[in-house]
Amino acid sequence: MSHLDIGLVLPMGESFVDGTTARWLEIRDLAVRAEAIGFDTVWVPDELLWRRPDVQAQGWWECVAMAAAVAAATSRVHVGTWVLSALHRNPGITAKVVETIDEISGGRFVFGLGSGHAGRQAHAFGLPEDHVFGRFEEAVRIIVPLLREGRADFEGTFHAARDLEHRPVGPRPGQIPIVMGAKGPKMLRLAVRHADVWSWYVEERSDLTEFGPRLDALLAACDAAGRDPATIGRSAGIVVEPTSITGAADVIGVPVRGTSEEIADTFRAFRDAGFTQLEVMLWPSTPAALEAMAPVLQLLERD
């Protein structure tokens, strides 16, 4: 059977469960342990500050700095950004960040890129709040040529790269995988054109009733663009409750839960439906929950 890449989303924000802050040493230990028990990738979310009505604000560590630290602390597991916001970063410097982390990791970095969130986060930090897609499209026209061809020359409304050379380069010139978060038709068209892997995350349910139509939309975009769907990876970000502690449904959608075999069966269902990757958000994101995932990975290894 085809391999299903299983990734762990590391806890970068203050906890939804009890408000505690994930400290660097805890994040490092989770990444190292995830590597040891067989996760293929560890993902570092890119958020800034969440504010929701009637709920205490939730802060987040900065993604780029933490991704580089995790890359330096691990040795085998891939390290990815989930997903890096183009809205509040210069695209030329973003490409340099990507190449630098790939150098630190020895060629294990996975570049997840998205348009970013306008609204409250952007407003609080004084970031752009308008033309989110237009800004992203221009950023892609700089970032992708820099990473793939080593040069970009573009003058846009929001971004520019003027005869810009991409140097130095790390261990995989032109080959760092690009994961693009995309939901709507315009974003899907960009993903089909540029990405090695397409990704989206749970909004209501971590199952195929939600993700099946998402995959159908991607396949339709591939068909419209003339791209063989077998040439693009398909990833789903889901939440999993592997222990007796519950509560995810009230915050980030109905989770995958049950025995190790039941969780493994749900993962297999995603694989059989055509997904090639899963990005797992544990609820809660604790060492105990991570250990509860070890038998799930062992079951999948036997397939």
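The values are calculated or read from the model by the stated rules, or taken from the named source; none is laboratory data. Model, not experiment: these values are computed from the prediction. A quick note on method: Cβ atoms are made from the backbone with ideal geometry, for glycine too, and the neighbour counts reach across all protein chains shown. To get the accessible areas, we keep the full protein, side chains included, count just its heavy atoms, and leave off ligands, DNA and RNA. Shrake-Rupley method; radii C 1.70, N 1.55, O 1.52, S 1.80 Å.
How about region 156-178: which of its residues are aliphatic (A, V, I, L, M) and either under 16 Å from the mean Cα position of the chain (by Cα) or open to solvent by 10 Å² or more (accessible area, probe 1.4 Å) (or both)? Correct list: Ala160, Leu164, Val169, Ile176, Ile178. If the condition is being in contact with a Lys or Arg (Cβ under 8 Å, 6 or more places away or on another chain) and open to solvent by less than 10 Å² (accessible area, probe 1.4 Å), then region 269-291 contributes Phe275, Leu290. Taking region 36-47 as the range and being surrounded by 21 or more Cβ atoms within 10 Å (Cβ to Cβ) and of a type outside the set (Phe, Trp, Tyr) as the test, the residues that pass are Thr41, Val42, Val44, Pro45, Asp46. In region 134-154, which residues are open to solvent by 50 Å² or more (accessible area, probe 1.4 Å) and in contact with a Lys or Arg (Cβ under 7 Å, 6 or more places away or on another chain)? Asp153 - this is the single residue of region 134-154 that is open to solvent by 50 Å² or more (accessible area, probe 1.4 Å) and in contact with a Lys or Arg (Cβ under 7 Å, 6 or more places away or on another chain). For the criterion of being open to solvent by less than 40 Å² (accessible area, probe 1.4 Å), in contact (Cβ under 8 Å) with a residue 12 or more places away in the chain and within 16 Å of Leu84 (Cα to Cα), Asp5 fails. Reported count of residues in region 252-303, each being more than 27 Å from Ala230 (Cα to Cα) and not acidic (Asp, Glu), is 21. Applying a threshold of 6 Å to beta carbon distances and a minimum spacing of six or more residues, or different chains, the list of pairs starting in region 224-245 at a residue that is within 15 Å of Leu190 (Cα to Cα) and ending at one that is part of a strand (DSSP E or B) and aromatic (Phe, Trp, Tyr) reads Ile232/Trp198; Arg234/Trp198. Those strands (runs of 3 or more DSSP E) of region 164-283 in which at least 1 residues are at pLDDT 95 or above, over 30 Å from Gly19 (Cβ atoms) and small (Gly, Ala, Ser), considering only elements entirely within it, cover 233-241.
Please enumerate the residues belonging to region 90-108 that are of a type in the set (Lys, Arg) and either without any contact (Cβ under 8 Å) to a residue 24 or more places away in the chain or assigned to a helix (DSSP H, G or I) (or both).
Selection gives Lys96 alone.
For Ala264, the conditions (1) without any contact (Cβ under 8 Å) to a residue 12 or more places away in the chain; (2) closer than 16 Å to Gly38 by Cα are fulfilled apart from (1).
Kindly indicate which of Ala57, Ala22 is surrounded by fewer than 14 Cβ atoms within 10 Å (Cβ to Cβ), more than 17 Å from Ser105 (Cα to Cα) and of a type in the set (A, V, I, L, M). Just one listed residue meets the conditions, Ala57. The condition of being part of a helix (DSSP H, G or I), farther than 30 Å from Arg52 by Cβ and open to solvent by 30 Å² or more (accessible area, probe 1.4 Å) does not hold for Ala294.
Which one of these is within 21 Å of the chain's Cα centre (by Cα) and surrounded by fewer than 22 Cβ atoms within 10 Å (Cβ to Cβ): His131, His123, His117?
Only one candidate qualifies: His117.
For region 179-236, which positions are touching a Pro at 6+ places or on another chain (Cβ under 6 Å), open to solvent by 30 Å² or more (accessible area, probe 1.4 Å) and farther than 24 Å from Ala139 by Cα? Residue satisfying the conditions is Leu219 alone. Candidates in region 52-86 are the residues that are in a loop (DSSP other than H, G, I, E, B) and of a type in the set (A, V, I, L, M, F, W, C); of these, the one that is nearest to Phe16 (Cα to Cα) is Trp61.
Restricting Ala65, Ala86 to residues that are within 30 Å of Asp163 (Cα to Cα) and open to solvent by 30 Å² or more (accessible area, probe 1.4 Å) narrows the list to Ala65.
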